[in-house]
Structure formats: C-alpha cells, structure tokens
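Structure, as structure tokens:
The values are calculated or read from the model by the stated rules, or taken from the named source; none is laboratory data. Keep in mind the model is a prediction, meaning the values are calculated, not measured. Note that each Cβ is placed from the backbone with ideal geometry, even for glycine, and that neighbours are counted across all protein chains shown. Surface accessibility is based on the protein's heavy atoms, side chains included, excluding ligands, DNA and RNA. Shrake-Rupley method; radii C 1.70, N 1.55, O 1.52, S 1.80 Å.
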Amino acid sequence: MTAILEIDNAFAGYGGGNILRGLTLNVEAGKLTCLVGPNGAGKSTVLKVVSGLLHPRKGEVRFQGQSIGKMSPRAILMQGIVQVPQDRSLFSTMTVRENVLLGGFTLSHHAEKEQRLEEVMTRFPIVRERAKDTAGSLSGGQQKLVEFARAMMLDPKLLLVDEPSMGLEPRVRRLVFDTLQELRAEGRTILLVEQNARSGLEIADVGVVLERGQVRLKGSGADILADPSVGAIYMGTSGRLKTRVQDAPAPTGNDVIESAPDGAS
Amino acid sequence: MNGGLLLGASVLGLLLGGIYGLMASGLALTFGVMRVINVGHSALVIAGAYMSYELFAHLHIDPFVSLVITMPVMFLIGMGLEMAFLQHLREDREQFSVLVTWAIALGVEGVLGYFCGTDLVQISTNYANSSFSIGGVQIVYIYLYGFLLGALLMGLLALLLRRTTFGWSLRATVLNRQAAQLIGIDVAKVSAIAFGIAAAMAAAGGALYGMLNTFNPGSWYDLIGDLLIIIVLGGFSSVRGAFIASLVVIMFQEILSVIISPTWADWSFFMLLAIVLIVRPSGFFGVKTREA
Ligand SMILES: Nc1ncnc2c1ncn2[C@@H]1O[C@H](COP(=O)(O)OP(=O)(O)OP(=O)(O)O)[C@@H](O)[C@H]1O
Ligand SMILES: [Mg+2]
C-alpha cells in the first residue's frame with residue numbers, strides 16, 4: 001500500500017494550546033479515508049494542516065514523499081491537494097459559473113480553464129443548469145455540489161472534504177454521499193471528515209477515529225463502524241464526548257451511531 | 001423656503017458627496033478585504049493633504065497635477081503600513097485592528113506635526129474661489145473638479161475590480177477569505193495591495209480636502225467619524241455602497257443646513273445612522289450573506 005499523504009507526529013493549534021497532539025496518520029492513494037470523532041476533536045484542524053491553512057508546530061506532513069508542512073495554501077494547491085471546507089464556501093454574489101471557474105484560479109491558460117470547465121460541467125450538470133444564477137441563490141445541497149465541482153477544476157490528486165453533509169436534509173445528504181462514492185469509484189483519493197459517522201464510514205475504505213488530537217482507532221470502514229467503542233463515543237457514554245445536537249438526524253431506532261445523547265428525544 | 005437655495009444645497013451636497021465618496025470607498029475596501037476597521041484612514045487623508053500642500057507651497061505644483069506623485073507614494077506607504085503592522089494580526093484581527101490602526105493614525109499625526117507643524121493650513125490655488133453660475137446655482141469649480149475626479153477614480157476602481165485578475169482575487173477575498181485562500185489566492189498580497197489602493201484614494205481625497213478646508217495634523221479626528229458613518233450606511237464592505245452613501249449623506253446634510261440650521265446638519269449623520277440601523281441594519285447595500 002502506498003501512502004500518498006503521511007502525517008507524522010504532528011502538533012498544531014491556534015494561539016496557546018495544541019489541538020493536534022502528536023497525530024500520525026497515513027492516507028492511501030485511491031482510497032476514501034473517513035475521519036470521525038467528537039466535536040472539537042481536531043478533525044477540521046487535521047485538514048487545515050494538510051491544506052496549509054495552518055502550519056504544524058512540530059512534526060512532518062508529506063505528500064507524495066515531499067514535505068509540505070511549511071508550504072503556503074497556494075503552493076499546496078499546486079501540488080494537487082484541494083480542500084472543500086466545512087462552512088459554505090462559495091462566493092455568494094458571484095454566479096455558479098464564475099465560482100467554478102475560480103476553482104481554476106491557478107491555471108495560467110484561459111483555454112485550459114474553459115476545457116476543465118466543460119469536463120466539470122459534464123460531471124456536475126447542475127453547474128451548466130444554474131450557470132448564470134448567483135451561488136447564494138442555490139439550496140444548501142446544490143451549493144455543496146457546486147463546491148465539489150469547483151474543487152474538481154484542478155483535477156486534484158487528493159481531495160479533502162470537511163463535513164459535507166452538515167446542515168443538509170437527509171435526502172440531499174444521500175446525494176452528497178453518492179457523489180463522494182462516485183468520485184471514489186473514479187479512483188480519486190479522498191480524505192473525508194464526517195460527523196454523520198455511519199454514512200461516512202459506510203462509503204469509506206478506511207475509517208479513522210480521532211480523539212483529542214490523536215488517532216484512537218484505525219481500520220477498515222466496516223470494522224470501525226462495528227467497533228463498540230465507536231458506538232460509545234457517539235452514544236456519549238463517556239461523559240465528555242458529545243455529538244452536535246443540531247446535526248443529529250431524527251432518531252431512527254436502529255441508527256445507533258448517529259443518535260445524539262441529548263437529541264430530540 | 002427658497003427653492004433656489006435648496007437646489008444650490010442639493011448640488012453642493014452632491015458634489016461634496018463625491019469627494020467624501022473618494023475617502024470613504026478606501027475605508028470600505030480595506031474593511032471588505034481584511035475585516036479591518038481602519039480608523040487611521042482619515043490620517044492618511046490628512047497625510048495626502050499635506051503632501052499636496054507642500055508640493056504646492058514649495059514647488060507650485062497644482063494639487064490636481066501632483067496627484068500623479070502623491071497617489072503612488074501613498075500607495076506604497078499604505079502597502080508598507082499593512083505589511084508592517086496588520087499582516088501579522090491573523091487571529092482576532094477585528095478587535096485588535098482598531099487599536100493598531102489608531103496607533104498608526106497617531107504615528108502619522110506625530111510625523112506630520114514634526115515635519116509640517118501644527119498650524120492650520122490650506123491649499124489655496126488661484127482658482128480656489130472661482131465659480132460659475134448655471135440655472136441660478138452658483139458652482140465653485142473646485143467642487144465640480146473634485147466630484148469629477150472622484151467619479152473618475154471610482155470608475156477606474158470599478159474597472160479594476162471587474163475586469164482584472166487582481167480584481168477577481170480581491171472580490172473573492174472580500175466574499176470569503178478562507179475560500180479565496182483555498183483556491184490559491186494569495187490573500188496577504190491582496191490585502192497589502194488593497195490597503196495601498198485605499199491609501200492612494202485617501203491621497204486624492206486629501207488633496208481635495210486640503211483645498212476645501214483648513215487643516216492641521218489633528219484634523220483626522222474631525223473626519224473619521226463621518227467616514228465611519230458613511231461606510232456603515234453603505235453596508236461596510238461595499239465600495240459602491242460607500243460612494244452612494246456619501247452622496248446621500250452629504251446631500252442630506254447640506255439640505256438640512258439650509259432648511260433648518262448648520263447645527264442640525266451635524267446631527268443629521270447620526271440621525272441617518274440611527275434610522276438606517278433600525279430599518280435596515282445591513283446598510284443600503286449590505287449583502288445579507290454573513291448572517292449564517
Ligand atoms: N480558528 C480557531 N481559533 C481558535 N481555536 C480554534 C479555531 N478553530 C478551531 N479551534 C478550536 O480547536 C478545537 C478543534 O477544532 P476543530 O475545528 O479541529 O474540531 P472538529 O473536530 O472539526 O470539530 P467539529 O466537529 O465541531 O467540526 C476546538 O476546540 C475549537 O474550538
Ligand atoms: Mg470541524
């Protein structure tokens with residue numbers, strides 16, 4: 001197995017303390033790796049360290065064998081790592097087409113951009129359908145798809161996706177996961193962070209549980225899904241760990257992993 | 001009420017508004033790009049006024065002509081200030097920025113005081129008071145030229161923002177700084193250049209301010225409140241909003257000063273502010289996307 005991304009004993013944080021405390025994690029090429037963990041575990045921080053929004057204070061981040069820990073977000077982007085962040089990230093008053101074209105901001109040739117745009121529009125028809133609408137006028141799910149489309153402009157070697165299903169209704173959420181699964185089937189390497197652990201792990205080749213800035217468990221997606229201690233995390237049986245209430249789906253009875261401890265019941 | 005007086009006040013307000021728009025748009029630009037409320041912006045206006053004044057007093061260069069010197073110089077000074085003092089304030093920018101930019105303003109005031117003294121001065125060109133009459137309204141040339149200059153520079157800025165790659169990066173940075181970073185935009189560079197552009201606009205505004213008013217290094221205090229209110233009304237980060245808000249506010253003020261009294265006119269800013277904040281908190285042109 002070839003690791004395309006290697007994070008080695010990384011420490012990182014904002015201001016005073018460290019959020020990542022000696023994180024070691026490999027992401028294998030061509031696989032979908034899903035990172036789960038409680039709120040504040042540092043999942044988004046891991047992605048920020050990879051995409052260069054945050055620089056590790058200690059430790060190594062290597063992509064295709066090359067150290068990227070000190071590179072700017074732009075330089076990392078040019079290496080082929082693209083991040084779809086947790087918050088809505090489209091430029092709301094620009095059109096869908098403009099947004100997607102901006103995904104190719106670092107491409108120097110206009111013709112190349114247009115060609116990529118054509119390919120991306122074929123892959124994501126919504127971009128063509130809503131090309132002239134402002135991004136802000138789209139629904140949450142549509143915006144997520146356009147964000148994926150924008151990320152595809154650079155044909156990334158590694159796609160980082162942070163909680164794409166957040167705030168979406170179940171049907172739309174399905175669409176987002178289906179899209180991720182298709183991207184994976186196309187052979188893309190994806191590092192996914194997901195609060196809806198079940199949905200995320202179901203489509204993942206590799207599952208990783210992050211807790212307080214360290215990897216606590218790693219295995220196949222199915223194994224992690226079946227691990228009783230993962231259930232414990234999401235059941236909130238260990239007092240300090242809680243899932244976010246507003247993201248918890250309506251209880252479905254058998255949906256152990258996703259039900260929030262202090263949710264709608 | 002005299003209709004001619006009212007018309008005169010409206011025209012004067014409109015022209016003066018265009019000049020204020022020049023100063024306020026730079027403030028809106030830096031706020032949009034960096035989320036920095038640059039309370040030192042008016043000190044840059046006064047610095048620009050002094051540059052024009054010194055070039056006029058010593059080298060007899062017309063203040064409209066010397067803009068080709070003062071604007072580039074202020075552009076570089078603005079960029080330098082941003083890189084030296086603001087670039088490092090990554091986290092919690094908004095809170096600290098007021099302190100830092102306040103300190104910058106005091107620094108600028110100090111430097112101006114040291115080199116130029118604290119006496120009130122004015123850029124008095126020989127055409128300072130010439131005017132012409134049209135439809136019974138007396139128009140002072142400087143106001144008209146100032147307005148035209150404001151409109152021209154705003155037009156150029158709009159072109160820059162709409163038509164150039166830099167403009168795209170700047171607008172993307174305004175809309176979502178992190179997303180801009182993630183598509184490969186160097187937001188630090190964009191911020192420095194935006195600050196430079198704002199300072200250059202301040203220089204142009206300063207030249208006009210210095211022709212219309214007497215000023216000294218402390219005059220930035222008088223100006224900043226008005227500019228801040230204008231950008232609140234304009235929706236904070238909208239350059240176009242800031243320009244149009246300037247026209248509206250200054251016209252309103254001039255009209256009030258003839259129909260009621262100049263004292264009331266000073267209050268008019270605050271009245272407008274209160275009304276707008278109650279009726280439409282995002283300003284005339286506020287984009288309502290930041291509530292999420
Ligand atoms: N920009 C920031 N400045 C300061 N602290 C931050 C910042 N971003 C995150 N943190 C803190 O770092 C910790 C980890 O945040 P992170 O976003 O990585 O968690 P997460 O696992 O993604 O959680 P969530 O499920 O809520 O997205 C949290 O305690 C958070 O408050
Ligand atoms: Mg997160």
For chain B, take the longest principal axis of its alpha carbons; what is the angle in degrees between that and the long axis of helix B:187-212, to the nearest 10 within 0 to 90? 10
Determine the shielding of peptide A:71-81 by partner chains: average, over its residues, the number of Cβ atoms on other chains within 10 angstrom of each Cβ. 3
Based on the alpha-carbon gyration tensor of chain B and its eigenvalue square roots a ≥ b ≥ c, which shape applies: rounded if a/c is under 1.5, prolate if not and a/b is larger than b/c, or oblate? oblate
Order by protection proxy (mean Cβ within 10 Å, highest first), peptides B:99-107, B:165-173, A:142-150: A:142-150, B:165-173, B:99-107
Could you state the accessible area per residue of the stretch B:3-279 in Å², with a 1.4 Å probe and every protein chain left in place? 42
Using only Cα atoms, find the angle between the long axis of helix B:165-175 and the longest principal axis of chain B, and express it within 0 to 90 degrees, rounded to the nearest 10. 80
Rounded percent of accessible protein surface that carbon and sulfur make up, the stretch B:1-156, 1.4 Å probe: 69
Cβ crowding within 10 Å averaged over residues, with B:259-269, B:184-194 ranked highest first: B:184-194, B:259-269
Could you state how much accessible area is buried at the B-A interface, both sides summed, with a 1.4 Å probe, in Å² to the nearest 100? 1700
Counting only pairs 8 or more residues apart or on different chains, how many lysine pairs in the protein assembly as shown have their Cα atoms under 22 Å apart? 28
Helix B:41-59 versus the longest principal axis of chain B: what is the Cα-based angle in degrees, 0 to 90, to the nearest 10? 60
Enter the mean number of other protein chain beta carbons within 10 Å of the beta carbon of each residue in A:90-99, as an integer. 4
I need the shape label for the stretch A:1-131. Rule: rounded when a/c is under 1.5, else prolate if a/b > b/c, else oblate, with a, b, c from the alpha carbon gyration tensor. prolate
Hey, could you get me the Stokes-Einstein D for the stretch A:8-51, Kirkwood radius over alpha-carbon pairs, 37 °C and 0.692 mPa s, rounded to whole µm² s⁻¹? 288
How large is ³J(HN,Hα) for each residue in the stretch B:122-131, as worked out from phi by the Karplus curve 6.51 cos²θ - 1.76 cosθ + 1.60 (θ = phi - 60°), to whole Hz, x for Gly and Pro? 8, 7, 9, 6, 6, 9, 3, 9, 6, 8
Taking the Kirkwood radius as the inverse of the mean 1/r across Cα pairs, report the Rg/Rh of chain A. 0.96
Once amide H atoms are placed 1.01 Å from N in the peptide plane, what residues at a sequence separation of 5 or more from A:Q214, or on another chain, have their amide H within under 5 Å of its amide H? A:R21
Could you check the spin-label model distance between B:F166 and A:S67? Points 7 Å from the Cα along Cα→Cβ, value in nm. 3.5
Take every residue in peptide B:172-181, count the Cβ atoms of other chains within 10 Å of its Cβ, and give the average of those counts. 6
Determine the equivalent ellipsoid of the protein assembly as shown by diagonalising the alpha-carbon gyration tensor, then write out the semi-axes as square roots of 5 times the eigenvalues, largest first, rounded to whole Å. 53, 24, 22
